[in-house]
1. Would it be correct to say that Leu11 is more than 23 Å from Val166 (Cα to Cα), modelled with pLDDT under 90 and either touching a strand residue (DSSP E or B) at 6+ places or on another chain (Cβ under 8 Å) or not in a loop (DSSP other than H, G, I, E, B) (or both)?
2. When you check Trp16 against the structure, is it surrounded by 13 or more Cβ atoms within 10 Å (Cβ to Cβ) and either of a type in the set (D, E, K, R) or assigned to a helix (DSSP H, G or I) (or both), yes or no?
3. Looking at the range 134-189, which of its residues are more than 21 Å from Trp103 (Cβ to Cβ), open to solvent by less than 60 Å² (accessible area, probe 1.4 Å), aliphatic (A, V, I, L, M) and in a helix (DSSP H, G or I)?
4. Across the range 1-46, what is the number of residues that are farther than 22 Å from Ala169 by Cβ and either over 24 Å from the mean Cα position of the chain (by Cα) or among the basic types (Lys, Arg) (or both)?
5. Considering every residue within the range 53-63, establish whether at least one is over 15 Å from Ala14 (Cβ atoms), among the aliphatic types (A, V, I, L, M) and either touching a helix residue (DSSP H, G or I) at 6+ places or on another chain (Cβ under 9 Å) or assigned to a helix (DSSP H, G or I) (or both).
6. Would you point out the residue of the range 19-48, among those that are part of a loop (DSSP other than H, G, I, E, B) and more than 18 Å from Phe106 (Cα to Cα), that is most open to solvent (accessible area, probe 1.4 Å)?
7. Go through the residues of the range 163-177 one by one and say whether even a single one is modelled with pLDDT under 85 and more than 14 Å from Val82 (Cβ to Cβ).
8. So, in the range 70-90, of the ones that are assigned to a helix (DSSP H, G or I) and free of Cβ contacts under 8 Å to residues at least 40 places away in the same chain, which residue ends up least open to solvent (accessible area, probe 1.4 Å)?
Amino acid sequence: MVDHEQRRRELGHAVWRVIRRDGVDHASVRTVAKEAGWSAGALRHYFATQSELLAFAMRLVVERIEGRLAALERAADPREAVEQVLHELLPLDDERRAENEVWLAFTARALIDPELRAQHSEVHDALHQTCASALETLAAAGRADAGAATALQAERLHALTDGLAVHTALRPDLMSPEQIIAVVRLHLDALDNAASPTEPTANA
């Protein structure tokens, strides 16, 4: 018996490989079929258009991230737990770099493809909510002041993670995993320091 869901996933991974190697414009039905070792006609039984292919590849990215977050053994320390969550969103290894490249390609395509725009907005909003929840966790633990848990601060953290993702895709020679982690830590340190300012030393 044919496992249709498994075959769809194989095709989704073929889309990933084509996008990473040749760019999103080359992820056509014909090209992906060749990558997967299928005929174009057989592939169209599963995905009729390029937009459908890209949408499914993006759903695979979301599922993988959600799976890792669900399986994560959160640290008892709220700050460490927040870092763990943010690290799962960032391109710190080959798996997450592949996800990042698919996300960026999907983002670029969604700008001109109305079929993908709604799905892109859903993923974007989910990432924003993850950043907002991280700030709420820090504020509740006194590791950021109450003002950190605001829509504007969530937007700032979301922009930071997005910026790191773009910089890593464009300049992987400069943005090592250690550099990415250091930038995130610097931002969280600033929130922590704002919540617990150092008392000025009295003059002798």
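The values are calculated or read from the model by the stated rules, or taken from the named source; none is laboratory data. Remember, it's a predicted structure, so these values are computed and weren't measured experimentally. Methodologically, a virtual Cβ is constructed for each residue, glycine included, from the backbone with ideal geometry; neighbour enumeration extends over all protein chains shown. The accessibility values were calculated without ligands, DNA or RNA, using every heavy atom of the protein model including side chains. Shrake-Rupley method; radii C 1.70, N 1.55, O 1.52, S 1.80 Å.
1. yes
2. So Trp16 fits the description; yes.
3. Passing the criteria: Leu135, Leu138, Ala139, Ala148, Ala182, Leu188.
4. Adding up the residues that qualify gives 22.
5. Looking through the range 53-63, at least one residue is over 15 Å from Ala14 (Cβ atoms), among the aliphatic types (A, V, I, L, M) and either touching a helix residue (DSSP H, G or I) at 6+ places or on another chain (Cβ under 9 Å) or assigned to a helix (DSSP H, G or I) (or both).
6. So, considering only residues that are part of a loop (DSSP other than H, G, I, E, B) and more than 18 Å from Phe106 (Cα to Cα), the one most open to solvent (accessible area, probe 1.4 Å) is His45.
7. For the range 163-177, residues modelled with pLDDT under 85 and more than 14 Å from Val82 (Cβ to Cβ): absent.
8. Glu88
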